[in-house]
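Take a look at the structure set out below.
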Amino acid sequence: MLSVVGIGPGSLDLMAERARARISSADVIMGNVRYIELIKDVIPASAEVVIGRMGTEVERAKKAVELGQYKDVVLVSGGDAGIYGMAGLAIEVAADSGTKLEIVPGITSASASAALLGAPISNDFAVVSLSDLLVPWREIERKLEGLAKMDIAVVVYNPKSKNRTVQLEKTYGIFMQFRDRKTIVGIVRNAEREGCEIEITRLEDLPAFYRRIDMSTTIIIGCSGTQNLGGRMVTRRGYETKYDYETGNGNADDIAAGYVDAGNRVWEKSKAIVRDIVSKYPGSLSDTEKRVAGRVVFANADPSFLDLLVFNHHPVETGIQCIKEGKTIITDIEMVKAGISKKYRKKVECFVNAPKTMEIAKREGLTRTAAGIRLAKEKGLIQGNVVVIGNAPSACQEICALVEEGDVGVKPALIVATPVGFVNAAEMKEKILSMGNIPCIVIRGPRGGTPSAVAIINELVELSNE
Ligand code: SAH
């Protein structure tokens with residue numbers, strides 16, 4: 001009989017009883033030198049040991065099947081023999097041979113590594129090997145792209161060897177393109193063996209670990225539900241949305257809806273779609289500009305905004321700096337203010353409804369939104385701050401007039417202009433673009449509106465927090 005036996009990750013107490021029994025009673029034990037070394041304490045003195053080299057697997061399997069006709073033969077694989085191991089090959093070779101064959105499962109690297117990290121694959125997950133010795137790289141790349149777009153944990157086997165290093169770099173590139181760069185990633189080297197190393201990091205920081213990643217390393221890339229809880233990597237299954245951990249009771253509303261998790265999944269899926277769209281856009285945008293542009297596409301569910309967005313004079317860097325420095329944001333209407341992230345809203349001012357604004361509007365014959373901008377100027381709030389016009393072309397006109405008058409103290413650090421409408425919106429936005437060296441983000445033409453303005457500012461807030 002031939003037994004194809006998975007010996008687990010290394011430590012003998014993680015080997016299955018059945019595996020141990022087969023090894024103890026074997027006449028012949030075959031495997032590569034590393035696995036034989038790991039199980040040497042279990043090998044009976046009477047057994048013949050046949051050590052195979054990497055690359056001679058087919059030969060070894062054939063020999064095992066042949067000997068299996070009249071002896072008890074054990075063919076060992078690391079982890080589980082059916083996961084990138086010898087089981088499949090043995091079955092193929094044994095077909096029609098008459099040799100009795102059994103497969104004995106073992107603890108695979110994914111579960112051994114996961115347990116050392118915490119519980120990173122406690123929800124749906126996928127396993128992929130980066131080894132292109134048997135599978136063409138193009139095929140692996142296609143799988144990686146598909147998986148990166150899905151919101152599930154991905155376990156990576158065979159990440160890097162002495163001669164195969166670019167595969168890991170390419171994998172990193174693919175995940176950075178489609179996943180949140182802050183995604184939690186676990187790295188386990190020599191799980192349950194001598195020299196065991198465990199690291200929990202974030203996707204964007206993976207390159208810092210390249211040097212230590214080798215053929216005895218398993219990488220687990222988390223998903224949106226994965227967290228680092230006090231040094232343990234955990235992918236939440238959704239219990240937290242359904243149960244109160246203190247009382248153990250379920251929250252009836254949440255059980256019915258399951259909405260927190262579902263909401264996260266929709267959000268992550270949409271973000272992946274947008275990242276895909278933006279990455280394929282041929283225009284030349286910087287990485288941070290892509291983030292802002294992606295947020296506008298996301299807010300409107302409309303990729304055509306990529307053709308309309310203009311970034312002049314490094315406005316994203318300027319915007320991030322302004323937010324880091326806590327600069328005031330002036331908006332043309334209350335709705336734009338209301339949409340800005342709570343994290344920054346107390347720094348946002350809108351004067352459209354101020355009593356003084358009414359006065360200015362009447363006296364100067366201005367619209368209320370334009371008068372609101374004028375009042376901001378009188379309060380000294382335009383200079384060095386951020387002006388966001390999401391709705392009213394007349395507010396654009398006012399900011400242009402103020403800047404063009406060239407008064408000291410009326411130069412904003414950044415203008416975001418996305419007013420919407422068939423009357424004057426496109427013209428006023430062109431005027432802002434032609435206004436010299438003020439950093440600005442503009443959506444050309446009649447389209448735009450509050451959602452776009454809010455999307456731009458909220459992405460700047462997010463970027464400034466990274
Ligand atoms: N049949 C094995 C996998 C063989 S592929 C199993 O089920 O585990 C070889 C890959 O498995 C390695 O490149 C590495 O990614 C992973 N691996 C094997 N042993 C490991 C260990 N002790 N610690 C971490 N990863 C390991």
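The values are calculated or read from the model by the stated rules, or taken from the named source; none is laboratory data. Here the structure is a predicted model, which means the values were calculated and not measured. Using ideal geometry, Cβ is built from the backbone for each residue, glycine included, and neighbour counts are taken over all protein chains shown. Accessible surface is based on the protein model in full, side chains and every heavy atom, while ligands, DNA and RNA are left aside. Shrake-Rupley method; radii C 1.70, N 1.55, O 1.52, S 1.80 Å.
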Legend entry - Label-point separation in nm, ARG237 to LYS346, each point 7 Å along Cα→Cβ: 4.0 nm
Inset, instruction - Only Lys, Arg, Asp and Glu count, each charged at its Cβ (+1, +1, -1, -1), so figure out the dipole size of the stretch 2-107 about its Cα centre, rounded to 20 debye. - result: 100 debye
Inset, instruction - Filter the GluC sites (Glu not before Pro) in the stretch 149-217 to those in DSSP coil with at most 11 other Cβ atoms within 10 Å of their Cβ, and list the result. - result: GLU194
Legend entry - Translational diffusion of the chain, µm² s⁻¹ [Kirkwood Rh, Cα pairs; Stokes-Einstein; 10 °C; 1.306 mPa s]: 60 µm²/s
Legend entry - Simple spin-label estimate for ASP132 and THR328 in nanometres, 7 Å along Cα-Cβ: 5.7 nm
Legend entry - Range in the chain, longest, excluding exposed chymotrypsin sites (Phe, Trp or Tyr not before Pro) [loop by DSSP; at most 12 other beta-carbon atoms within 10 Å]: 246-421
Legend entry - Near-label residues of the stretch 142-178 by backbone N, under 17 Å of a point 7 Å along Cα→Cβ of ASP124: 143-155
Inset, instruction - Could you check how much of the accessible area of the chain is carbon and sulfur, as a whole percent, using a 1.4 Å probe? - result: 51 percent
Legend entry - In sequence order, calculated HN-Hα J values of the stretch 356-373 (Karplus, 6.51, -1.76, 1.60; Hz; x Gly/Pro): 5, 4, 4, 4, 4, 4, 5, 5, 9, x, 9, 5, 5, 5, 5, 5, x, 5
Legend entry - Residue-normalised accessible area of the stretch 61-152, given per residue in Å² at a 1.4 Å probe: 49 Å²
Inset, instruction - Check the straight Cα-Cα distances from LYS347 and name the lysines below 18 Å, setting aside those fewer than 8 residues away within the same chain. - result: LYS324, LYS327, LYS337, LYS377, LYS379
Inset, instruction - Counting only DSSP beta bridges with both residues in the chain, tell me the antiparallel percent, nearest 5. - result: 40 percent
Inset, instruction - Give me the number: length gained by fully extending LYS362 to GLU37, i.e. 0.36 nm times residue separation minus the C-alpha to C-alpha distance, one decimal in nm. - result: 108.0 nm
Legend entry - Accessible area per residue, Å², the stretch 307-466 with all protein chains present, probe 1.4 Å: 43 Å²
Inset, instruction - Just subtract the alpha-carbon distance of VAL166 and ASP205 from 0.36 nm times their residue separation and send over the number in nm, one decimal. - result: 12.4 nm
Inset, instruction - Counting other Cβ atoms within 10 Å, keep those with at most 16, restrict to DSSP loop, and tell me which trypsin sites (Lys or Arg not before Pro) in the stretch 13-65 are left. - result: LYS40, ARG53
Legend entry - For the chain, with +1 on Lys and Arg beta carbons and -1 on Asp and Glu, the positive-most of MET86, ALA453, PRO282 along the dipole: ALA453
